[in-house]
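Here is the structure we will look at, set down as C-alpha cells.
The values are calculated or read from the model by the stated rules, or taken from the named source; none is laboratory data. Small disclaimer: the values here were computed from a predicted structure and weren't measured. Every residue, glycine among them, receives a Cβ derived from its backbone with ideal geometry; neighbour counts consider all protein chains shown.
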Amino acid sequence: MDIQIREMTDRDHPEHIQIDGSFTVDSELVLSVTDQGIGYTVKPVVPSYQKSYPDEADQDSGNLSEYIGRPDRAVYLALAGDRAVGRIMLAKNWNGYAYIEDLRVDRNARRHGIGRKLIEQAVLWAKTGHAPGLMLETQSNNVRACQFYESCGFVIGGFDSYLYRGFKEHAQETAVFWYLLF
C-alpha cells in the first residue's frame, strides 16, 4: 500500500474524511509501579467486544479547520491514493510537549505502517517546534494501541484510574499517559 503523509489544508473537506477508528477489546493493561518505573501485564477480557470513541472532528467539522495554518496545531493525513486512511491531530501542550490529541488509522488499512508514518511526522513537527518530546493519552483497554506506542519508543509516564469514572460506559478504564522524549 503506497501511503503519502501530508498536512491538512483548507482545500480538504473534513466531512469527506471518514476514518473508522474502532478497535476490538480482547485484553486490558494491568498497570503497576516498580523500581524501574511503570510496568504492565496484559489480562484477557472475555467476552471481547468492539469499541469506538466519538470523533470530535467528525461531529464538528469546524474543529479541524482550527488546526490549519497555525504554528501551535496541525493535522496530518495519511492518504492511499485520494482516500484518507489515517489522521493525526497535534497541538503544543501547556508543558511544551507536542500533544497527540488523536491518532486514527482506518480499521481496514491497519498493519501497513500508516500509524508509524504518522508518528514519524509528529516527531518532525514536534522537533521543528523545539518540543522536548511527544505525549498522548490512551486507555488501558486499547492494548494494541499501547503496544504500538511502546514499539515506537514511548514510555508510560503515568496513569489515572479516575479520569473516566464520570462516564458510566467507560468507568472501568484507566487513562495511560505515554511520552516519547527527545
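Annotation note: of ALA122, ALA126, the sole residue that is in contact with a Lys or Arg (Cβ under 9 Å, 6 or more places away or on another chain) and not in a strand (DSSP E or B) is ALA126.
Kindly indicate whether PRO54 is part of a loop (DSSP other than H, G, I, E, B) and in contact (Cβ under 8 Å) with a residue 40 or more places away in the chain. Spelling it out, it is not the case that PRO54 is part of a loop (DSSP other than H, G, I, E, B) and in contact (Cβ under 8 Å) with a residue 40 or more places away in the chain. If only residues of the stretch 155-182 that are surrounded by fewer than 16 Cβ atoms within 10 Å (Cβ to Cβ) and aromatic (Phe, Trp, Tyr) are counted, the one that is nearest to the chain's Cα centre (by Cα) is PHE182.
Could you tell me whether GLU28 is touching a Lys or Arg at 6+ places or on another chain (Cβ under 8 Å), assigned by TED's automatic domain parsing to the domain that holds PHE159, modelled with pLDDT of 85 or more and not aromatic (Phe, Trp, Tyr)? Yes; evaluated as a whole, the condition is true for this residue.
Filtering the stretch 151-181 to residues that are of a type in the set (D, E, K, R) and without any contact (Cβ under 8 Å) to a residue 24 or more places away in the chain leaves ASP160, ARG165, LYS168, GLU169.
Of the residues that sit in the stretch 138-182 and are among the hydrophobic types (A, V, I, L, M, F, W, C) and assigned to a loop (DSSP other than H, G, I, E, B), which one is nearest to TYR53 (Cα to Cα)? Among them, the one singled out is PHE167. Taking the conditions (1) surrounded by 12 or more Cβ atoms within 10 Å (Cβ to Cβ); (2) in a strand (DSSP E or B) in turn, GLY96 satisfies each one other than (2).
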